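*Asks:* Before anything else, here's the structure in question.
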Amino acid sequence: MQTTAPQPLRAAVPVMAAAKANPGLTPVMLNHAAWVTHDVAATADFYTRIMGMELASTVLDDSIPSTGDDIPYFHIFFRMQDGSTLAFFEAPGVPAPAKSTHPAYDIFNHIALQAANREEVMKWYEWLKSNDIEVIGPTDHKGLILSIYFHDPAGVRLEITTPLDAQWNRHTQKGYEDLKLWVDCKEQAIREGRDVPKALIELIGNIRKRYD
Ligand SMILES: [Fe+2]
């Protein structure tokens with residue numbers, strides 16, 4: 001469903017002068033998200049056996065169709081219950097990626113997969129632990145969702161989550177209000193020559209009081 005933002009709030013979010021209104025296009029669902037693996041056999045075992053997903057499709061080629069880059073690869077997709085997939089590429093000779101410049105990247109970059117309910121999240125927890133997989137959580141995210149976190153063999157950070165609030169992804173009005181607070185705080189700090197991260201940390205401190 002297309003959500004319509006309240007105009008005064010949307011107007012408060014900086015947009016390019018020539019920005020056009022969306023003509024009613026919103027993606028239908030997750031088709032796939034993709035990462036590089038250096039061990040596609042371990043990846044296939046993890047997603048089919050541990051994660052219970054179907055091996056959905058594979059592609060082998062010696063160049064990338066979209067860009068024409070001559071990188072030979074094996075591409076594999078794993079399917080979830082709703083038909084959405086996770087995908088991986090193994091490319092011979094590609095070196096390990098560079099290390100992140102800050103731990104935040106390794107914490108924040110992740111993908112969350114939905115479980116049916118709280119009980120199922122706990123079943124996932126036990127199942128993963130019984131396979132000697134390190135699991136963080138369960139974590140209650142301010143009554144919105146309940147999550148556990150772990151990594152796949154390629155180092156992708158995964159989350160299994162379930163909504164605690166049936167409207168967790170419909171808090172649009174509050175979202176625009178928070179976005180405006182954040183953007184205004186940054187802009188004001190810049191105008192006043194203040195330290196931007198410090199100003200934002202103060203803002204977070206004030207907003208946190210909502211949850212205390
Ligand atoms: Fe998440």
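*Asks:* Just grab the label-to-label distance for Ile111 and Ile133, each label 7 Å out from Cα along the Cβ direction, in nm (one decimal).
*Replies:* Taking the simple label geometry, Ile111 and Ile133 are separated by 1.3 nm.
*Asks:* Taking the convex hull of the Cα atoms, report for the chain its projected area averaged over all directions, in nm².
*Replies:* For the chain, averaging the hull's shadow over all directions gives 16.0 nm².
*Asks:* I've got another one for you. So, R0 is 30 Å and r is the distance between the beta-carbons of Leu200 and Asp45; what FRET efficiency does that work out to, to 0.05?
*Replies:* Here the calculated transfer efficiency is 0.10.
*Asks:* Which net charge results for the neighbourhood of Arg49, defined as the other residues with beta-carbon distances under 15 angstrom from its beta-carbon, given Lys and Arg at +1 and Asp and Glu at -1?
*Replies:* -4
*Asks:* A follow-up question, please. Which of the residue pairs Lys174/Lys209; Lys99/Lys123; Lys99/Lys180; Lys99/Lys174 have a Cα-Cα distance greater than 27 Å in the structure shown?
*Replies:* Over 27 Å apart, Cα to Cα: Lys99/Lys123; Lys99/Lys180; Lys99/Lys174.
Values quoted throughout were computed directly from the atomic coordinates according to the rules given, and no laboratory measurement underlies them. Predicted model only: the values in this text are computed from it and were never measured. Note that each Cβ is placed from the backbone with ideal geometry, even for glycine, and that neighbours are counted across all protein chains shown.
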